[in-house]
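One structure is given below, encoded as structure tokens.
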Amino acid sequence: MTRVFAMAFCALFALTGCAAESVWATDEEVQRAAYTHDGPPRLTLFTMLNNRNGNGAHTSLMINGAQRIIYDPAGSFAHETIPERNDVLYGVTPQVADVYTRFHARETFHVKIQTLDVTPELAARAAALVKQAGPVPGAQCAYSTSAVMAQLFPGQITQSWLPKKLADQFGAVPGVSERLLHEYDSDDNSKVLAEWNPDQWKAATTN
């Protein structure tokens, strides 16, 4: 990281503060929402990219292990039906995963979705690491996610402030596949969650 880049981040933290607010769903909420996907143990890295300049804007990590969770450090995605504990979202059903990606894809940003099937042990370690990470301050999404992934892939991934750099490093890991999600709705992504009703979604997909 260059000196200028480092100074810019220091200035940002001076304005926003270094402490992040802790969010802690109850045991009952987490247990009730817990969802196990029947697919293989898998890591999915989400990278939100600016459509105008290609720069990275946000990073998060979905882990499919004993249950499926999303590590969304310093993220703005939140819904009353989705329990959260310090940037870890629980109950990531197919519909939650779908609305999560659509929440981030819009006219100004698209989402790079990179997946890698892993061993159950690696998925379990990834889940443990994100649960231990604690709440993440603003602008540190890639920094915190890459810190986790550097422990999972030593020598292949290094810690970085930059979402795009992390995506490039993960993309070089053997076996990683990727796709892009583009959507062209309004830049006001709040309506994606405001209009989402999990009960209606379930009824529509089971009829």
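The values are calculated or read from the model by the stated rules, or taken from the named source; none is laboratory data. On a predicted model such as this, the values are computed, not experimentally measured, just so you know. Neighbour counts are summed over all protein chains in view; Cβ atoms, including those assigned to glycine, are modelled from backbone coordinates with ideal geometry. Ligands, DNA and RNA are stripped out before the accessible areas are found, and what is left, the full protein with its side chains, is counted by its heavy atoms. Shrake-Rupley method; radii C 1.70, N 1.55, O 1.52, S 1.80 Å.
Collect residues whose amide H, placed 1.01 Å from N in the peptide plane, falls under 5 Å from the amide H of Asn86; neighbours closer than 5 in sequence don't count. When sequence neighbours closer than 5 places are left aside, the close amide H contacts are Val23, Trp24, Ala25. Simple spin-label estimate for Gln95 and Ser186 gives 2.3 nm between the two label positions (7 Å along the Cα-to-Cβ direction from each Cα).
State whether the range 98-158 is rounded, prolate or oblate according to the following rule on the C-alpha gyration tensor (a ≥ b ≥ c being the square roots of its eigenvalues): a/c under 1.5 gives rounded; otherwise a/b larger than b/c gives prolate, and the remaining case gives oblate. It is prolate, given that a/c is not under 1.5 and a/b is the larger ratio. Model label points for Asp38 and Val176, set 7 angstrom from Cα along the Cα-to-Cβ axis, are 3.0 nm apart. Here the 3J(HN,Hα) profile of the range 39-54, calculated from phi with Karplus coefficients 6.51, -1.76 and 1.60 at θ = phi - 60°, is x, x, x, 8, 10, 10, 9, 9, 10, 8, 10, 5, 5, 7, 10, x Hz, Gly and Pro shown as x. Could you pull out which residues in the range 34-63 have an amide N less than 14 Å from a spot 7 Å beyond the Cα of Asp117, following the Cα-Cβ vector? Only 38-43 pass the distance filter. The figure for Tyr35 is an accessible area of roughly 60 square angstrom, using a 1.4 Å probe on the protein chains alone. Computed from phi, the 3J(HN,Hα) profile of the range 128-135 under the Karplus parametrisation 6.51, -1.76, 1.60 (θ = phi - 60°) reads 5, 5, 6, 5, 8, 5, x, x Hz, with x in place of Gly and Pro. Using r as the Cβ-Cβ distance of Gln31 and Gln151, and R0 as 30 Å, what FRET efficiency do you calculate, to the nearest 0.05? Efficiency computed from Cβ-Cβ geometry: 0.65. In this structure the range 70-125 gives 34 Å² per residue of accessible area when probed at 1.4 Å with all protein chains present. Semi-axes of the equivalent ellipsoid of the range 25-154 are 21, 17, 15 Å, computed as sqrt(5λ) over the eigenvalues of the C-alpha gyration tensor in descending order. Surface composition of the range 76-185: carbon plus sulfur atoms contribute 52% of the solvent-accessible area (1.4 Å probe, protein chains only, all chains present). Accessible-area rank, largest first, for Asp87, Asp168: Asp168, Asp87, with all protein chains present and a 1.4 angstrom probe. FRET efficiency for the Asn50 to Val23 pair, using the beta carbon distance and R₀ = 30 Å, is estimated at 0.65. Only the Cβ atoms of Lys and Arg (+1) and of Asp and Glu (-1) were treated as charged; on that basis the dipole of the range 19-69 about its Cα centre amounts to roughly 340 debye.
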